């Protein structure tokens, strides 16, 4: 039997679609495995225990010893334990069996319980048409192993919850893992599946067993979406292809002058590379970020990036520096470092942070908005050099080497002066100068320090020292992500300081935000970007520090954002909310330009928070946002790359990771470091310490996810199915690197 199932993987009956995999077993099995995407997530925060009144009569699990089975003992589903009683009933009543296998610390098992097995409508269908059996995989690994093998052979994947339909003779004919209660994003729901299988069983059973074509046809019909264009993996591919076709093979970036950084293009491309393994996607990112980092758009002495390049070479910039560029570019370089491990990208992140901490941070620990391009009405005056200025500072010999390296000439490249840029390979240049790499690098470091010291005495560009909630949210996210990837606690502390400052000055007690702080005054009701960007920062900060207050604040602000900005009629989020001044019309931003749109950022936030907490209502909101903008995004996908980062998360595959362990323990830190240093864009991360239970107030399902034998333990669920918990770091790494 199993050889036949595995054989089907290679024949024409294997059908791969956007959101689920169907394997057709022509002689006895018709199987649907939903490789459920992010849009299938739950929408309320289910706990590990059944949330029902015990006035309800218990089912047949009440006398079991397994905690997992006892959790289901008061479900309205008339569960049986595995045994003769259940199979005799199925035979005598001529009913198929619904078999559900899980374990007590399986997150998605609890989600399915809360969403479906606690639901009276689902229970009635199951009780009327099936004999339902619950199995604890930890008590009965024999049963689990057999039916997991069947599921994997039929669907190509497996995990828990594991759900199958059997004949009374225990022969499986349909298998899958997590099913949402109702159809979601083209994935058939449990109610529809139950009704169709029951109907086929009663009216045409031989067809069910011998010709699963009919079952597949029904499932396809159930999955059909009659309204709204779907956004799929093809949408991601089309965006990639457009960016690829517009890529400047010589100098990086897209198109001709002027060239803007647009960091979300590169974070999207990294996600497409992760999904497709297309090397060109990564090449585009690396080529561009390296050329930018060596060009004049990057401040070679002081760190940080200017606004954009006036030419195609990334040489002469518009010299203004914006906080949001620093934040978004730091995140792009951080993720590229995670992908490649190349120190160049890590050094770029550090230099951006050095600049922000030195020049863009207020005494109160908020981040300023911008620095001007001009000094005394002359653009770039603060940044440019002549050969004479360089040699006067460094001496004739070293000065000439530095001028050659940074292309400082008498003719100049900007109004007879020079923007420093470093596009010469260090090794090649060192050979030409007759020195080794280490000597050249030491000379560069010392020379840059001297030049910077002199430049600091020049009149500085004026600074816009207002502190904006939205842009601070981006910078908090950047510092938090950098702290993870670079294993640098001081960056986490900077993010915490900024978040605390925003919370104390711009966050109101009711969860509403003010937009701006300056000179001791907080004012202006926040806009969508303020809410969305700050929530982004707080999510990243929680996943870095595991201070639960940041996750609580993120949830609070996100709730207010939906309350104030949600379009009840058309879906999506308005830029102006109920607290803002009402103008002649309201707009909904979706285009991801210099900064990502509020809707794009909010979409990913909502998906992540839904994953972290199990809040089904949030996932419903995400579904509506995607449908609302689907037609617009489909018309020109490459214009919405931050939105597509969220879509990539929604499509999956995703990883929900809970680490049970003390944050101060070495084994906990080791596991976290292995997670943090990897590029895992479709993961959410929670920490459940034994000594601090505060996370349980926010995420109830972690209560049973505990350290095993005193060792830090990883609980990893992947795309709605949960792996066995493990403390083995090598096993954890293997799971992390899958997909």
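For the reader, a short list of remarks on this structure follows.
- Among (1) closer than 25 Å to residue 266 by Cα; (2) modelled with pLDDT of 95 or more, the one test that residue 670 misses: (1)
- Restricted to the stretch 226-256, and to residues there that are part of a loop (DSSP other than H, G, I, E, B) and in contact with a strand residue (DSSP E or B) (Cβ under 7 Å, 6 or more places away or on another chain), the residue that is farthest from residue 739 (Cα to Cα) is 248.
- Checking the stretch 135-158 against the condition returns no match, with no residue being touching a strand residue (DSSP E or B) at 6+ places or on another chain (Cβ under 9 Å) and at pLDDT 90 or above.
Matching residues to (1) part of a loop (DSSP other than H, G, I, E, B); (2) at pLDDT 95 or above; (3) at negative phi:
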| residue | (1), (2), (3) |
| --- | --- |
| 269 | no, yes, yes |
| 275 | no, yes, yes |
| 284 | no, yes, yes |
| 290 | no, yes, yes |
| 293 | no, yes, yes |
| 303 | yes, yes, no |
| 315 | yes, yes, yes |
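- Between 623, 656, the distinction of being within 22 Å of residue 271 (Cβ to Cβ) and part of a strand (DSSP E or B) belongs to 656 only.
- Boolean, residue 386 is surrounded by fewer than 18 Cβ atoms within 10 Å (Cβ to Cβ), touching a helix residue (DSSP H, G or I) at 6+ places or on another chain (Cβ under 9 Å) and closer than 23 Å to residue 459 by Cα: no
- Test set (1) more than 18 Å from the chain's Cα centre (by Cα); (2) closer than 30 Å to residue 160 by Cβ - residue 650 fails condition number: (1)
- The listed residue being modelled with pLDDT of 95 or more and either surrounded by fewer than 17 Cβ atoms within 10 Å (Cβ to Cβ) or closer than 28 Å to residue 542 by Cα (or both), out of 626, 584, 619: 626
- Filter result for residue 502 (more than 25 Å from residue 683 (Cα to Cα) and in contact with a strand residue (DSSP E or B) (Cβ under 9 Å, 6 or more places away or on another chain)): yes
Okay, residues lined up against (1) part of a helix (DSSP H, G or I); (2) touching a residue at least 24 places away in the same chain (Cβ under 8 Å); (3) within 30 Å of residue 533 (Cα to Cα):
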{"residue": "411", "(1), (2), (3)": "no, no, no"}
{"residue": "424", "(1), (2), (3)": "no, no, no"}
{"residue": "449", "(1), (2), (3)": "yes, no, no"}
{"residue": "460", "(1), (2), (3)": "no, yes, yes"}
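- Residue match in the stretch 205-216 (condition: at pLDDT 90 or above and surrounded by fewer than 21 Cβ atoms within 10 Å (Cβ to Cβ)): no
- The one condition in (1) crowded, with 19+ Cβ neighbours inside 10 Å; (2) assigned to a loop (DSSP other than H, G, I, E, B) that residue 515 fails to fulfil: (2)
- Scanning the stretch 676-704 for residues that are closer than 20 Å to residue 734 by Cβ and either in a loop (DSSP other than H, G, I, E, B) or in the same structural domain as residue 611 (by TED's automatic domain parsing) (or both) yields a count of 6.
Residues are listed down the side, and each one gets a yes or a no for (1) within 25 Å of residue 470 (Cα to Cα); (2) surrounded by fewer than 24 Cβ atoms within 10 Å (Cβ to Cβ):
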{"site": "607", "(1), (2)": "yes, no"}
{"site": "611", "(1), (2)": "yes, no"}
{"site": "639", "(1), (2)": "yes, yes"}
{"site": "663", "(1), (2)": "no, yes"}
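- Which listed residue, of 290, 320, 371, is surrounded by fewer than 20 Cβ atoms within 10 Å (Cβ to Cβ), touching a residue at least 12 places away in the same chain (Cβ under 8 Å), farther than 21 Å from residue 488 by Cβ and in contact with a strand residue (DSSP E or B) (Cβ under 8 Å, 6 or more places away or on another chain): 320
- The stretch 521-548, subset surrounded by fewer than 21 Cβ atoms within 10 Å (Cβ to Cβ) and farther than 15 Å from residue 685 by Cα, residue farthest from the chain's Cα centre (by Cα): 521
- Criterion (on the phi < 0 side of the Ramachandran plot, in contact with a strand residue (DSSP E or B) (Cβ under 6 Å, 6 or more places away or on another chain) and surrounded by fewer than 23 Cβ atoms within 10 Å (Cβ to Cβ)) met by exactly one of 350, 381: 381
- Qualifying residue in the stretch 587-601 (condition: at pLDDT 95 or above, outside the structural domain of residue 707 (by TED's automatic domain parsing) and under 17 Å from residue 230 (Cβ atoms)): no
- Residues that are touching a helix residue (DSSP H, G or I) at 6+ places or on another chain (Cβ under 7 Å), part of a loop (DSSP other than H, G, I, E, B) and farther than 22 Å from residue 551 by Cβ within the stretch 705-726 comprise just one, 723.
- Residue check for residue 647: crowded, with 24+ Cβ neighbours inside 10 Å and within 30 Å of residue 234 (Cα to Cα): yes
- Of all residues in the stretch 495-512, those satisfying the criterion of being surrounded by fewer than 24 Cβ atoms within 10 Å (Cβ to Cβ) and under 30 Å from residue 341 (Cα atoms) are 496, 497.
- Condition check for residue 501: modelled with pLDDT of 95 or more, part of a helix (DSSP H, G or I), under 30 Å from the mean Cα position of the chain (by Cα) and closer than 30 Å to residue 362 by Cβ: yes
- Across the stretch 176-192, the qualifying residues are those that are surrounded by 23 or more Cβ atoms within 10 Å (Cβ to Cβ) and at pLDDT 85 or above, and the one among them that is farthest from residue 118 (Cα to Cα) is 176.
- Among the residues listed as 429, 414, the single one being surrounded by 15 or more Cβ atoms within 10 Å (Cβ to Cβ), out of contact with any helix residue (DSSP H, G or I) (no Cβ under 8 Å at 6 or more places or on another chain) and outside the structural domain of residue 291 (by TED's automatic domain parsing): 414
The values are calculated or read from the model by the stated rules, or taken from the named source; none is laboratory data. Keep in mind that what you see is a predicted model, and the values were worked out from it rather than measured. Because the Cβ atoms are built from the backbone with ideal geometry, glycine has one as well, and the counts that use them run over all protein chains shown.
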